[in-house]
Amino acid sequence: MSRPRTPHLLRHSRARFWTVAILLTAGSIGCDDDPVTPPLTPSELMKIAGDGQIGRVGESVPDPLVVRVLDDDSGTPVSGVVVVWTTQGGGSVSPQSVPTDADGLAAAHRVLGPTAGDQTTTAAVSELPGIPPATFTTTAVAED
């Protein structure tokens, strides 16, 4: 028994259909609605809040010290960058290191040392030494 023969024009239409279908499928594999976002490059550490506070010796200052890490090209906040906090002039800071949040912010709480006068706290991004640190100055006053 012989198979019916497919007309020449119909064979070409099927071939074109499958070629187009394969090309469309292959072309859509790498496509999605999200554009490719280049990675952010931290380049700036900016003081946001907490500088210039006055507090009693040995006590915590009322407001946290806050910095923001920004991208160099767009000024976009960068998350996940570890900020290291250190003190000068006595006292302590907590936490001593903290990653930036989704808004590029990192905060720490300062406890002043036992001596009256200016005490500083520095925030730095140690993994990127080219970024200048941010320095906060707090004045400790003696109890009355």
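The values are calculated or read from the model by the stated rules, or taken from the named source; none is laboratory data. Note that the structure is predicted; figures quoted are calculated from it, not measured. Cβ placement follows ideal geometry from the backbone for every residue including glycine, while neighbour counts extend to all protein chains displayed.
Return yes or no: is Ala140 within 18 Å of the chain's Cα centre (by Cα) and among the small types (Gly, Ala, Ser)? So Ala140 does not fit the description; no. Go through Ala102, Ala123 for me and flag whichever is closer than 12 Å to Leu45 by Cα and touching a residue at least 12 places away in the same chain (Cβ under 8 Å). Step by step, each of Ala102, Ala123 is checked, and only Ala123 is closer than 12 Å to Leu45 by Cα and touching a residue at least 12 places away in the same chain (Cβ under 8 Å).
Name the residues in segment 67-85 that are crowded, with 16+ Cβ neighbours inside 10 Å, of a type in the set (Val, Ile, Thr) and either without any contact (Cβ under 8 Å) to a residue 12 or more places away in the chain or assigned to a strand (DSSP E or B) (or both), would you? Scanning segment 67-85 gives Val67, Val69, Val83, Val84. Once segment 116-135 is narrowed to residues that are in a loop (DSSP other than H, G, I, E, B) and either surrounded by 14 or more Cβ atoms within 10 Å (Cβ to Cβ) or of a type in the set (A, V, I, L, M) (or both), the residue that is modelled with the lowest pLDDT is Leu128.
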